[in-house]
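Take a look at the structure below.
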Amino acid sequence: MKKDFVFISESVTEGHPDKLCDQISDAIVDHYLTLDPYARVRAECAVANSILFIAARFASEARADIATLARKVISRVGYTKPDFDAHTCSILTSLQEYPPEADLYFNEERLKEEELDLIPARQQATIFGFACRQTEVLMPLPIWLAHKLARRIMAVRREKLIPYLSPDAKTQVGVEYRERRPYRLYGLTLVVSLSREMTGAIPRPRLEQEIREAVIEPAFAGEEFRPDPRTLIYINPLENLMVGGPAVHSGLTGRKNATDTYGEYARHSGNALSGKDPLRIDRIGAYAARYAAKNVVAAGLAEECEVQLSYAIGLARPASVQVETFGTGRLDDERLADLVERAFDFRPAAILKQFRLRHLPAQHHGNFYCRLAAYGQVGRTDLPLPWELTDKAELLQELAG
């Protein structure tokens, strides 16, 4: 395994067309679950030019004005200009209502141990969770810093510190590793888009200076790793990327899976996380796998840990639970996999029960999964995510002896 290398991860702001679709899809999930925690929802979006297409399937007595929900998200993100306007863009919907399935209307909090086995996975999926000691939140450093830069760009835009920015931007952070540990910042790339009416009016020296002062310097304040004289910094390196948003490039739900998870530093399933209710094992299994991996690292049993869960349709328990510690484990990986299976319950209903996933939208005033849809669905510090707790670390230590 190579120990000296450079690794680059990407993040995008809420206004990136793919992330816009993720947020709209999850706003629909939030709406249904707030009114009916037992709703089944599947929502996907595509956006291009001035047209948004939404395909949604649902089983619930709750009702939703899908187009209005979408326009609220678009407006909140900041698309209110003529090229893509929350109020005037065309919204096409394809909605399909499924009949309620009686076996899915269960209260997981009241189920007995043996009854949890009666709720099987309804999708086949192989899912990964990861944690490492590169940051305090046990996330890989490149994606952590890329998210910080993307968040800062949107904060600068909302505070009008740089008034000519549009909502669409992306960031890349490259970290140089020595002995598989972060050594220095290799490079940063920020691609910011400008409001269409401002295109060509902002001199490059001004743009670069304002981005450095308002975005880069504050984003790295308090970070152990900061740009040094050798760090390569690129701000809008290609002129043809100066204008962004749906008017320029299209977006789809679920197309930023690496950004949603570990910035490709670790594996992810490839399945979309957004737009799915909490009975979808390919979504909630990713949270459970992260929870297990993070607790293994927090317990001091490994410096890096990847947990793999493989589910088969019709079975409640994963057909396979595997652990990979990349040579950093205090115990061998087979032993750690056994400890993980003993400490964590990966059955779908058990995950629902522990994380209360059906009830989180109502607890957060109808805005939980939508907020989760941008800047990563793991490793967050701005949301009280139950899968980010390390409350199983002590149990793992006891089991490990």
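The values are calculated or read from the model by the stated rules, or taken from the named source; none is laboratory data. Just so we're clear, the structure is a prediction, and the values are computed from it rather than from any experiment. All Cβ positions, glycine included, derive from the backbone under ideal geometry; neighbour counts span all protein chains shown. Just the protein is used for accessible areas: all its heavy atoms, side chains included, with ligands, DNA and RNA removed. Shrake-Rupley method; radii C 1.70, N 1.55, O 1.52, S 1.80 Å.
The table that follows gives values for the structure above.
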item: With every protein chain in place, region 356-401: carbon and sulfur % of accessible area (1.4 Å); result: 48
item: Region 124-139 - phi-based ³J(HN,Hα) in whole Hz, Karplus 6.51/-1.76/1.60, Gly and Pro as x; result: 8, 7, 10, 10, 10, x, 9, 7, 7, 8, 6, 9, 4, 8, 6, 10
item: Cα-centre dipole for region 245-364 with unit charges at Cβ (Lys and Arg positive, Asp and Glu negative), debye to 20; result: 660
item: Test item: Cα-centred dipole of region 95-237, Lys/Arg +1 and Asp/Glu -1 on Cβ, debye; result: 1140
item: Surface share of carbon and sulfur [accessible, 1.4 angstrom probe, percent] for region 196-314; result: 51
item: For region 88-200, accessible area per residue (1.4 Å probe, heavy atoms of protein chains only), Å²; result: 48
item: Dipole magnitude (debye, nearest 20) for region 164-306, charges at Cβ of Lys, Arg, Asp, Glu; result: 300
item: Accessible area of residue 385 in the full protein assembly, 1.4 Å probe (Å², nearest 10); result: 10
item: Approximate shape of region 1-89 as ellipsoid semi-axes (Cα gyration tensor, √5λ), whole Å, largest first; result: 29, 21, 10
item: Reachable lysines, given that their alpha-carbon falls under 29 Å from the alpha-carbon of residue 170 and they are not under 8 places away in the same chain; result: 2, 3, 19, 72, 81, 148, 160, 256, 276, 294
item: For the chain, diffusion coefficient by Stokes-Einstein and Kirkwood Rh (Cα), 20 °C, 1.002 mPa s, µm²/s; result: 97
item: With at most 15 other Cβ atoms within 10 Å, longest stretch of the chain clear of loop GluC sites (Glu not before Pro) (DSSP); result: 225-401
item: Accessible carbon and sulfur surface of region 1-134 relative to its total accessible area, %, 1.4 Å; result: 51
item: Gyration tensor verdict on region 221-341 (Cα atoms; rounded if a/c is under 1.5, prolate if a/b is larger than b/c, oblate otherwise); result: oblate
item: Solvent-accessible area per residue for region 214-300 (1.4 angstrom probe, square angstrom); result: 36
item: At most 14 other Cβ within 10 Å, DSSP loop - trypsin sites (Lys or Arg not before Pro), region 32-122; result: 63, 112
item: Sites matching trypsin sites (Lys or Arg not before Pro) across region 156-190 that sit in DSSP coil, with at most 12 neighbouring C-beta atoms within 10 Å; result: 160
item: Residue-span extension gain [residue 209 to residue 113] - 0.36 nm each, minus C-alpha spacing; result: 28.6 nm
item: For residue 234, distant residues with modelled amide H under 5 Å away; result: 188, 189, 190
item: Computed log₁₀ I(q)/I(0) - Debye formula, equal Cα scatterers, no solvent, region 97-238, q 0.11, 0.16, 0.19 Å⁻¹; result: -0.61, -0.85, -1.09
item: Options 167, 111, 98, ranked by Cα towards positive dipole end of region 91-182, top entry (Cβ charges); result: 167
item: Share antiparallel - DSSP beta bridges, region 11-120, percent rounded to 5; result: 60
item: Intensity falloff of region 329-401 expressed as log10 I(q)/I(0), Debye formula with alpha-carbon point scatterers, at q = 0.12, 0.15, 0.24, 0.28 Å⁻¹; result: -0.45, -0.66, -1.13, -1.29
